[in-house]
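Student: Quick one: structure below, then a few questions.
The values are calculated or read from the model by the stated rules, or taken from the named source; none is laboratory data. Keep in mind it's a predicted model, so treat the numbers as computed, not measured. So basically every Cβ, Gly included, is an ideal-geometry build from the backbone, and we count neighbours across all protein chains shown.
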Amino acid sequence: MRCIELANTLIDVNIYSVFITSEDALSKSILETSELKFITLDTLTLDTLTLEQDAIQTKRILHSEKIDVLLVDHYQVNLDWQSHVKAKNLIIIDDLANRPHLCDLLIDTSDQQKLELYKKLTKHNCECLIGPKYAIIRDEFLTSQTSNIEYDIFICFGGSDPDKYTFSSLKTLAKKSYTGKICAVVGQGYNGFSLLQIWVKQSNLNIHLFQDPNNLAQLMAQSELIISAAGSMLFEAASLAKKIIMIKTDDNQIDNIKLFLKNQAALESDIINLNDVIIEIKNTKINLTQYSKKLCDGQGKFRISKAIKRLMEKNSNLKEVNRCK
């Protein structure tokens, strides 16, 4: 989703994107809705696609589509893959800082202190855009204004939520007979939505359940407290200046959690202690909303867009110099 948002932002500076993705039904459905051009890797004769096979196909697509800049947002893409593809200009979105890259531009929206790490992991002339000021926030969050609060709690754990954190959170609230109004949102890829609907109807909670709503930002804006995984939604909630409880659903979220805790922009919880942390966040004297908004102003995609434009213009100028020589 963040790559789609960035691609739409780049259109405003006359840069047009082609997505290269795996043969995945959910990814294709999302891209078809976005109306952006995309090409799927050929997996018809393969049960799984190895990184080498992936790199070979990607290189072929770059050549056939005459693509000068490749942006990669994938944890498994390593130095061997990058060396094999040999993109003219490579941009990496990362947040692990645990492996080297051959990139010309690197983006990490977590703690700015990781800059020194990336200097050792990238080429000497690589530009590094590090910190939450580069978080890619969708337009709907930039235009949504907090009006009347409709919900006490907003709960969402991403598009698929394979480990059912949404369901676990609701069950925890039900054990304490939580009386507030809850907005629970699951994505298009959530498996078992009909079962969740049945449970919601039978529960003692005041739950308004949505699947893949087209007004996600508005629902968040109308909620007093956001409960989510410590991924990209964390920054979206911050851009709306919301009170946030973050729950770690993956190890790659640790840096985001540290960043928000250090800046007093959110509280952390696990599922078991969720009720206690809800009480704590309501009683805290720390101005969480002020710090969250300060941490993420929502302008990251525009800063990245300018950096990509600079990179392309720089290489265009170099080509012109070499041509004159």
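Student: Could you tell me how many of the residues in the stretch 74-103 are under 24 Å from S316 (Cα atoms) and either loosely packed, with under 13 Cβ neighbours inside 10 Å or of a type outside the set (A, V, I, L, M, F, W, C) (or both)?
Tutor: Within the stretch 74-103, the first condition is being under 24 Å from S316 (Cα atoms), and the residues that meet it are 82-93, 101-103.
Checking the rest, the ones that are also either loosely packed, with under 13 Cβ neighbours inside 10 Å or of a type outside the set (A, V, I, L, M, F, W, C) (or both) come to 82-84, 86, 88-89, 101.
Counting residues in the stretch 74-103 that are under 24 Å from S316 (Cα atoms) and either loosely packed, with under 13 Cβ neighbours inside 10 Å or of a type outside the set (A, V, I, L, M, F, W, C) (or both) gives 7.
A quick yes/no check of all residues on (1) surrounded by fewer than 23 Cβ atoms within 10 Å (Cβ to Cβ); (2) touching a His at 6+ places or on another chain (Cβ under 9 Å); (3) within 20 Å of E5 (Cα to Cα):
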site	(1), (2), (3)
L205	yes, no, no
F210	yes, no, no
N214	yes, no, yes
I227	no, no, no
K248	yes, no, no
Q264	yes, no, no
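Student: Moving on to the next point. Sort through S228, S305 and tell me the only one that's closer than 23 Å to S144 by Cβ, polar (S, T, N, Q), in contact (Cβ under 8 Å) with a residue 40 or more places away in the chain and assigned to a strand (DSSP E or B). Walk me through how you get there before you give the answer.
Tutor: On the way: S305 fails: assigned to a strand (DSSP E or B).
The match here is S228.
Student: With F167, F141, F157 as the choices, which residue is touching a Lys or Arg at 6+ places or on another chain (Cβ under 9 Å) and surrounded by 18 or more Cβ atoms within 10 Å (Cβ to Cβ)?
Tutor: Residue meeting the stated conditions: F157.
Student: Hey, does the stretch 193-205 have a residue that's of a type outside the set (D, E), closer than 27 Å to S110 by Cα and out of contact with any strand residue (DSSP E or B) (no Cβ under 8 Å at 6 or more places or on another chain)?
Tutor: Start the filter on the stretch 193-205 by keeping residues that are of a type outside the set (D, E), which leaves 193-205.
When the remaining residues are screened for being closer than 27 Å to S110 by Cα, the result is none.
The answer is no; no qualifying residue exists.
Student: As an exercise: evaluate V18 against (1) out of contact with any Lys or Arg (no Cβ under 6 Å at 6 or more places or on another chain); (2) surrounded by 13 or more Cβ atoms within 10 Å (Cβ to Cβ) and give the number of the one condition it does not meet.
Tutor: All conditions pass for V18, except number (1).
Student: Now a separate question. Cβ-Cβ distance below 7 Å, separation of 6 or more or different chains: which pairs start in the stretch 71-98 with a residue that is outside the structural domain of N256 (by TED's automatic domain parsing) and charged (D, E, K, R) and end on one that is crowded, with 20+ Cβ neighbours inside 10 Å and not in a loop (DSSP other than H, G, I, E, B)?
Tutor: These pairs meet every condition: D73/I93; D94/L106; D94/D108; D95/D108.
Student: Restricting attention to the stretch 109-129, and to residues there that are touching a residue at least 24 places away in the same chain (Cβ under 8 Å) and part of a strand (DSSP E or B), which single residue is farthest from K88 (Cα to Cα)?
Tutor: L129
Student: With the structure loaded, tell me whether D270 is exposed (fewer than 14 other Cβ atoms within 10 Å of the Cβ), more than 29 Å from Y134 (Cα to Cα) and modelled with pLDDT of 90 or more or whether it fails that test. Can you show your working first?
Tutor: On the way: exposed (fewer than 14 other Cβ atoms within 10 Å of the Cβ): yes; more than 29 Å from Y134 (Cα to Cα): no; modelled with pLDDT of 90 or more: yes.
Here the answer is no, as D270 does not meet what is asked.
Student: Looking at this structure, is K243 of a type in the set (K, R) and in contact (Cβ under 8 Å) with a residue 24 or more places away in the chain?
Tutor: The answer is yes for K243.
Student: Hey, another quick one. In the stretch 118-158, how many are more than 22 Å from L71 (Cα to Cα) and either at pLDDT below 95 or assigned by TED's automatic domain parsing to the domain that holds R310 (or both)?
Tutor: 11
Student: Still on this structure, I have one more. Please specify each residue of the stretch 170-192 satisfying the condition of being in a helix (DSSP H, G or I) and surrounded by 14 or more Cβ atoms within 10 Å (Cβ to Cβ). Give the derivation first.
Tutor: Filtering the stretch 170-192 for residues in a helix (DSSP H, G or I) gives 170-175.
Hits for the stretch 170-192 are L170, K171, T172, L173, A174.
Student: Tell me the residue from N275, N252 that is in contact (Cβ under 8 Å) with a residue 24 or more places away in the chain, within 24 Å of L106 (Cα to Cα) and either of a type in the set (S, T, N, Q) or in a helix (DSSP H, G or I) (or both), please. I'd like the intermediate steps shown before the answer.
Tutor: Numbers: N275 fails: within 24 Å of L106 (Cα to Cα).
On inspection, the qualifying residue turns out to be N252.
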